[in-house]
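To start, the structure itself, in structure tokens.
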Amino acid sequence: MQFYLDGYRPGDPLVAPPAPGADDGAGGLPDRTDVLVVGAGPAGMVLAAQLARFPDLQLLVVDRREGPLAVGQADGVACRTVEVFEALGLADRLLAEAYWVNEVAFWRPDPADPSRIVRTGRVPDTEEGLSEFPHVIVNQARMLAWLREDLDRQPGRTTVQHGWTVAGLQVREDAPDGYPVTVELAGPAGTARVRARYVVGCDGAHSAVRTAIGRELRGDRTDQRWGVMDVLPVTDFPDIRLKATVHSHAEGNILVIPREGGYLVRFYIELDQVRDVGEVDPDRLTEIANRILHPYTVEVRDVGWWSVYEIGQRLCDRFDDAPDDGSRPPRVFIAGDACHTHSAKAGQGMNVSMHDAWNLGWKLAAVLRGTAGPELLHTYTAERQVVAQELIEFDRRFAALFSRPPEESDPEEFERYFVQQGRFTAGVATRYGPSAITASDAHQHLAAGFEVGTRFHSAPVVRLADARPVQLGHAARADGAWRLYLFADRDGTALRALCDRLGAPGSPLRRHTPAGWDTDSVLDVRAVLQQHHHDVEVGSLPAVLRPVKGPLGLVDQEKVYCPDPRADDVFDLRGVDRSGCMVLVRPDQHVAHVLPLDGDDELAAFLAGVLRPA
């Protein structure tokens with residue numbers, strides 16, 4: 001973590017100086033804003049957290065609720081989502097409070113006495129080495145609270161404006177002042193009109209923004225009905241502190257999710273499989289849970305939250321308002337439940353929603369700040385709609401296996417499918433196809449473990465300057481910068497020559513960095529050497545790897561890493577060729593390109609297709 005680049009100041013270094021004109025939101029809604037985010041749920045708040053980091057961008061967040069969410073709703077946080085929170089600087093707090101999902105238990109009817117359930121298996125929740133972070137469980141409301149607090153620390157001091165709903169939306173592309181989207185809002189002070197450069201609807205399955213742009217959720221018309229409750233139980237069920245799937249012979253199914261704090265547990269009860277459901281309340285759900293868990297019993301001592309909901313698999317064909325022919329870039333976007341819905345069985349809804357926002361945020365920032373053209377925004381729908389379709393198909397298959405009556409199902413098949421799909425449920429299976437921002441895999445053999453299109457898979461290294469063991473992927477922050485990791489050749493000759501070329505006038509590094517910006521603000525160059533960190537002097541490094549930054553001309557000493565002698569060598573762990581290579585990573589941490597160390601021209605051509613000349 002780096003700070004004091006602009007000079008020493010006492011107090012909390014994580015609180016950024018306020019941007020000019022920033023206030024606490026007490027003045028009401030502004031007339032104009034760069035981005036209007038509608039909805040302060042997981043997608044909206046992750047998007048806001050990214051955009052709030054840029055002092056030169058104006059951001060407005062409105063939400064229909066009268067105040068922040070207090071309890072309930074989503075709870076599963078995939079490994080990949082924890083990686084995103086690390087880039088936002090929030091992973092430590094998340095991990096400290098959350099329940100860590102280490103293993104999953106499977107329970108089925110006892111073949112000798114189907115009225116009783118027995119454990120049929122226990123497996124690791126995620127495969128070894130999939131991520132440096134675990135799958136965790138924490139109340140969605142807590143995650144949103146951390147994101148709100150994070151907004152308070154950012155330059156714009158953004159405050160969520162509660163009680164506002166979208167009453168109308170119009171796009172006028174020829175608006176003379178560059179604010180083509182006009183949004184009519186209804187709220188606690190009557191009505192308001194806000195004009196925006198871009199609008200993002202993160203306003204849920206009944207999205208007013210989606211309706212306003214003429215998009216429609218399509219898919220299953222028969223919803224699945226679920227009862228869910230967070231409870232403090234006393235029980236003899238032995239796996240109450242393990243994630244567990246429980247299938248009974250004739251009483252239905254339960255998904256048991258231990259919660260944070262050591263005592264709280266969530267029960268998901270699939271009511272479509274339950275006979276004689278009747279009127280549903282916590283007492284009724286507890287009665288059903290006892291029938292499913294027989295011969296074990298559960299007594300509920302306190303109910304934190306409960307609900308009954310219906311949800312099916314539905315999807316929009318586009319996630320923005322751009323014409324299908326691509327004749328103009330989008331101005332209005334939708335994310336999360338506004339454009340895809342699915343069951344709770346796989347625990348993917350909140351995670352995929354956040355990843356929608358993570359994909360969109362850096363693109364909006366690049367366009368608004370002038371480092372990329374508006375055509376970049378076409379890639380949002382192109383990338384995320386495919387991911388949502390894959391999720392729908394996975395959820396449909398997983399739901400079918402989960403809901404299949406015991407006499408028609410094979411317990412081993414369900415367990416096998418759970419293990420096989422572990423990468424998907426961990427959130428790390430997403431692979432973006434070739435596009436303007438993701439190259440082909442022509443040079444993939446140089447770094448087999450950094451697969452083009454997938455998220456950059458972190459690995460343990462030692463930072464050269466201070467000998468600190470770190471994760472290489474944690475160099476990425478939510479700052480909108482592309483990252484160019486240079487994996488050195490054996491003696492560093494090719495690396496040094498490349499660094500000299502990158503530092504020369506006309507190089508991709510110089511070409512796309514605006515005057516007055518820090519040299520790593522658009523393209524952040526870092527290196528991983530093959531030598532032991534005791535065998536390299538920091539002062540011998542090329543200037544590109546020790547850039548001068550900030551108004552005081554300070555030298556960034558933290559750009560170079562070496563293999564960690566206490567762990568697997570990063571070159572071996574990620575299949576990096578010992579001749580060296582470049583790995584170009586997008587601001588959302590997905591690998592954009594793998595190139596040889598002499599691939600300057602190919603790198604320059606690729607970046608020229610994405611970034612504008614400074």
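The values are calculated or read from the model by the stated rules, or taken from the named source; none is laboratory data. Just so it is clear, the model here is predicted, and its values are computed rather than measured. Every residue, glycine among them, receives a Cβ derived from its backbone with ideal geometry; neighbour counts consider all protein chains shown. Surface areas here come from the heavy atoms of the whole protein model, side chains and all, with no ligands, DNA or RNA. Shrake-Rupley method; radii C 1.70, N 1.55, O 1.52, S 1.80 Å.
For the range 308-325, which residues satisfy the criterion of being out of contact with any helix residue (DSSP H, G or I) (no Cβ under 6 Å at 6 or more places or on another chain) and more than 24 Å from Leu401 (Cα to Cα)? Outline the logic, then answer.
Initial filter on the range 308-325 (out of contact with any helix residue (DSSP H, G or I) (no Cβ under 6 Å at 6 or more places or on another chain)): 308-312, 314, 316-317, 321-325.
Cys316, Asp317, Asp321, Ala322, Pro323, Asp324, Asp325 - these are the residues of the range 308-325 that are out of contact with any helix residue (DSSP H, G or I) (no Cβ under 6 Å at 6 or more places or on another chain) and more than 24 Å from Leu401 (Cα to Cα).
Give the residues of the range 321-379 that are open to solvent by 10 Å² or more (accessible area, probe 1.4 Å), outside any helix (DSSP H, G or I), modelled with pLDDT of 95 or more and among the small types (Gly, Ala, Ser), sorted by residue number.
Residue satisfying the conditions is Gly370 alone.
Return the residue satisfying two criteria in turn: it lies in the range 380-404 and is open to solvent by 40 Å² or more (accessible area, probe 1.4 Å) and within 23 Å of the chain's Cα centre (by Cα), and of such residues it is modelled with the lowest pLDDT.
Within the range 380-404, the first condition is being open to solvent by 40 Å² or more (accessible area, probe 1.4 Å), and the residues that meet it are 382, 386, 389-390, 393, 396-397, 400, 404.
Filter once more, keeping what is within 23 Å of the chain's Cα centre (by Cα): 382, 386, 389-390, 393, 396.
Numbers: Ala382: 97, Val386: 95, Gln389: 92, Glu390: 89, Glu393: 85, Arg396: 78.
Per the criteria, the residue is Arg396.
Give me the pairs, please: first residue somewhere in the range 64-75 and modelled with pLDDT of 95 or more, second residue anywhere and of a type in the set (Asp, Glu), beta-carbon distance under 9 Å, and either six or more positions apart or on two chains.
Arg64/Asp203
Please determine whether any residue of the range 526-536 is among the aliphatic types (A, V, I, L, M), surrounded by 21 or more Cβ atoms within 10 Å (Cβ to Cβ) and under 22 Å from Asp441 (Cα atoms). It would help to see each step written out before you state the result.
Start the filter on the range 526-536 by keeping residues that are among the aliphatic types (A, V, I, L, M), which leaves 527-529, 536.
Narrowing the set further to residues that are surrounded by 21 or more Cβ atoms within 10 Å (Cβ to Cβ) leaves 527-529.
Okay, now just the ones that are also under 22 Å from Asp441 (Cα atoms), so 527-528.
Among the residues of the range 526-536, at least one is among the aliphatic types (A, V, I, L, M), surrounded by 21 or more Cβ atoms within 10 Å (Cβ to Cβ) and under 22 Å from Asp441 (Cα atoms), which makes the answer yes.
Being surrounded by fewer than 21 Cβ atoms within 10 Å (Cβ to Cβ) and within 30 Å of Val38 (Cβ to Cβ) narrows it down to one of Gly219, Gly278, Gly261, so name that one. If you could, list the steps in order and put the result at the bottom.
Working: Gly278 fails: within 30 Å of Val38 (Cβ to Cβ); Gly261 fails: within 30 Å of Val38 (Cβ to Cβ).
One residue alone meets the criteria, Gly219.
Checking the condition part of a helix (DSSP H, G or I), in contact (Cβ under 8 Å) with a residue 12 or more places away in the chain and open to solvent by 30 Å² or more (accessible area, probe 1.4 Å), which residue from Arg80, Arg93 passes? Break it down into steps so the answer makes sense when it comes.
Numbers: Arg80 fails: open to solvent by 30 Å² or more (accessible area, probe 1.4 Å).
Just a single option satisfies the conditions, and that option is Arg93.
Kindly indicate the residue of the range 36-74 that is buried (at least 24 other Cβ atoms within 10 Å of the Cβ) and of a type in the set (Val, Ile, Thr) and also nearest to Ala205 (Cα to Cα) among those meeting that condition.
Across the range 36-74, the extreme among qualifying residues is Val38.
Of the residues that make up the range 288-310, is at least one farther than 25 Å from Asp34 by Cα, without any contact (Cβ under 8 Å) to a residue 40 or more places away in the chain and buried (at least 20 other Cβ atoms within 10 Å of the Cβ)? Reasoning before the result, please.
Of the range 288-310, the ones farther than 25 Å from Asp34 by Cα are 288-310.
Cutting the leftovers down to without any contact (Cβ under 8 Å) to a residue 40 or more places away in the chain gives us 289-290.
Subset that is buried (at least 20 other Cβ atoms within 10 Å of the Cβ): 289.
Checked the range 288-310: at least one residue is farther than 25 Å from Asp34 by Cα, without any contact (Cβ under 8 Å) to a residue 40 or more places away in the chain and buried (at least 20 other Cβ atoms within 10 Å of the Cβ).
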